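What follows is a single structure, written as structure tokens, with notes after it.
Each reported figure results from applying straightforward, stated rules to the coordinates on display, with no laboratory input. Because the structure is a prediction, the values reported are computed rather than measured. Note that we place each Cβ from the backbone using ideal geometry, even for glycine, and neighbour counts take in every protein chain shown.
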């Protein structure tokens with residue numbers, strides 16, 4: 001487990017978890033929640049820019065993201081990152097199927113985060129005991145894969161402006177769907193650095209900055225510190241080619 005994790009002093013109980021509506025245990029009987037609570041190792045804090053787990057590490061833990069954002073990525077032989085997905089509160093992180101010994105990607109805290117830890121072995125036991133929970137994990141993993149595939153398609157087929165517009169539009173949609181911002185909100189938290197946006201879109205920070213300035217000049221976005229004002233969601237989605245399907 002990451003050496004950067006520190007146990008949280010005031011732990012949230014699974015049954016009263018405010019992000020459970022977006023998490024793995026969102027639609028399960030109370031008995032499942034009690035089972036999950038008994039298997040949770042702890043609730044942990046992770047400081048911004050710290051690693052939760054690394055590609056190639058032992059697949060012994062999985063996590064639910066309780067607070068904060070995470071950048072999920074893979075690295076090439078030179079250590080350069082390629083972003084796969086931005087994890088939001090409620091997302092299930094690091095789970096590997098039975099028989100897997102190593103994890104296939106890394107997770108980096110974008111901002112200060114809180115995660116709930118579960119041993120992989122305990123989760124596999126729960127899957128055996130509750131087949132409907134196993135089916136739910138399969139659906140979650142399939143949605144995550146579809147999201148990653150959409151971003152990979154953008155790297156090969158979309159312009160820089162389209163890639164960034166797609167990333168912002170997708171995050172805006174996901175935040176609203178999960179009730180992390182109001183349904184009628186026009187602004188959203190955006191703690192990603194230009195480097196992280198570049199990791200997700202395959203662009204340099206300089207190119208990322210140029211595209212963001214262009215979107216601002218076109219009246220699509222307005223940025224201020226760690227927030228974005230989406231001035232024209234329809235234009236943003238059209239530029240990025242973003243069409244909401246299953247929420248991810």
Q) Taking the Cα-to-Cβ direction at residue 42 and at residue 226 and moving 7 Å from each Cα, how far apart do the two end points lie in nm? A) 2.4 nm
Q | Net lengthening on full extension, residue 9/residue 74 (0.36 nm per residue, minus Cα-Cα) | A | 20.2 nm
**Q.** Cα-only radius of gyration and Dmax that characterise segment 6-152, units Å
**A.** 14.8, 47
Q) Any idea how far apart residue 134 and residue 206 come out in nm if each label point goes 7 Å out from Cα toward Cβ? A) 5.3 nm
Q: Figure the gain on full extension for residue 145 and residue 183 (residue separation times 0.36 nm, minus the Cα-Cα span) and round it to one decimal in nm.
A: 11.1 nm
Q) Per residue, how much space in cubic angstrom lies within the convex hull of the C-alpha atoms of segment 118-209? A) 139 Å³
Q. Tell me, what is the FRET efficiency for residue 125 and residue 216 to the nearest 0.05, using R0 = 41 angstrom and their Cβ-Cβ distance as r?
A. 0.20
Q) Reported to two decimal places, what Rg/Rh ratio describes the chain when computed on Cα atoms with Rh from the Kirkwood expression? A) 0.96
**Q.** Per residue, the convex hull volume that the Cα atoms of segment 153-248 enclose (Å³)
**A.** 93 Å³
